[in-house]
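The values are calculated or read from the model by the stated rules, or taken from the named source; none is laboratory data. If you're wondering where the values come from, they're calculated on a predicted model, not measured in any experiment. Positions of Cβ are backbone-derived with ideal geometry, glycine not excepted, and every protein chain shown enters the neighbour counts.
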Amino acid sequence: MSTIDIFSNIMALFWILVQQICLCYIKRAYEDMMGRALRAYMALHGAFFVFLLLIGFDLLFGFDFVYGRLPEGALFFYGRLKWNFFCEVMLVLDALLVAYAWRMYRLYMRDGGSPFATSPSMRVRVEDIVVVVVFFAPFLWYHAGMTETALRHNLNDEQIRTLQFFFIKVANFFYAFFEGTAAVLLWRIYRLVRREGVLSHGGS
């Protein structure tokens, strides 16, 4: 694996960590607004990142039980599949950020930030699971088809790269949409909070 590939994968794992930290804090803010205590959620995200970090360590440094047993063509395909998986994780985290930003915005618009009883904890957890399933299902469907096509037609590295880049282009559209939406929602929440005097300008 080249130095550029190693650097790219390290940066992908770092950005996943950043997204998880952002999600944990917005989750904590939402739970505070709902009058609930944040418990195991941050620990869960920490465990998830450790899991991804171990996968990254495995793939980056080429343990023999992975890289030593793959032929050259399969090694390239495995690397592309792993990179798309990282991109999908980033996309799901962005979708969850938007979900929590929307919940917080809706809360302020309805009751001025006061807790309301229409979003119980269990319902929020179910909604989070639905978000993850909805965005991971197309990933699994696309890459199952990509794998079948590559094996059936014996695709070369360039053809596999083309299929991978198509997925990346679609994912980039959703990145821009989700991150832009989250930014707008969080900015509007900030304006609402500041208008109510919860935040003061310049620390006054």
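Descriptive notes on the structure:
- Residue check for residue 144: modelled with pLDDT of 85 or more and under 17 Å from the mean Cα position of the chain (by Cα): no
- Filter result (within 20 Å of residue 128 (Cα to Cα) and touching a residue at least 24 places away in the same chain (Cβ under 8 Å)) within the range 8-20: 16, 17, 19, 20
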